[in-house]
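Below you'll find the structure, written out as structure tokens, and then a few comments.
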Amino acid sequence: MDGTADWAHWGLSSSASFDHKAGVPLPQQISNFTTIGTNTTQALQDYVTEFSWSDGTPTGSADLTRTGVFIQGSTNGFRITAPADTNGRTLNVYVGIYGAEGKFQAYLSDHSAAAYTDTSLRGLTFYGNAYTNYTLDYRAATAGQMVIVEFTARTLFDADYGNVALQAATLSGGSLPTNPPVTIIRIASYAAGSSCCSESNASCGLSISPASRNARLRCRSRSGRAARSCTARLRELVPTRAPVGSLAKVFADGATRAS
């Protein structure tokens, strides 16, 4: 299994099986799924992609397994989460459908980026299968957030057996380059009692001392009168624009398969 930060696989030996990368600090990066809806989760044995790992827990290794889990019924499905902060991460989620149209949605808990929704996954016929992996590149605007992924059956073509399936997820992380904050400086107040450079035809120069947070303005009138100077305090203006996260989805080449 890929995933430098974490990986997860469901359904290896039963519908309750949850295997993930060993040695990941708690809490686990990729959560176990929670079901959406009231139907019972069942084990899947014939997913199109084979998964192998040698660094797992509680199952240490597996070789070329095509297992997963599925749930039947309209609007039923799965929800998983992964951590989000100002660092960039990539989450891959492997899913499938039978006799249904899937609805995949991902959003950030701080709502700093628009949610991503896709409803294109369906079989070539009403009673067909389709499989894909969604690749999400994301970051939040603040620390301590989550990306929340939900995959449900939007429409059932097979009213009795239509279902959505979840097999695996992988997570990789890396820091996004960030620009240093811009400091906007203005003269906040003049020294008490000064009337500096009130003449409209004066030529002035400004020198700034960041250490003392003072600015000295020295002006000379064009009529030749003596130079006058005054001291002003500097004030930093904090930008009021809220930081913005990002959430984008890219299909892996050749990932979508329908039958």
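From the list GLY23, GLY3, GLY60, the one residue that fits, being within 25 Å of the chain's Cα centre (by Cα) and surrounded by fewer than 18 Cβ atoms within 10 Å (Cβ to Cβ), is GLY23. Of the candidates TYR98, TYR127, the single residue that is aromatic (Phe, Trp, Tyr) and at pLDDT below 95 is TYR127.
The values are calculated or read from the model by the stated rules, or taken from the named source; none is laboratory data. Computed from a predicted structure; not experimentally measured. Neighbour counts are summed over all protein chains in view; Cβ atoms, including those assigned to glycine, are modelled from backbone coordinates with ideal geometry.
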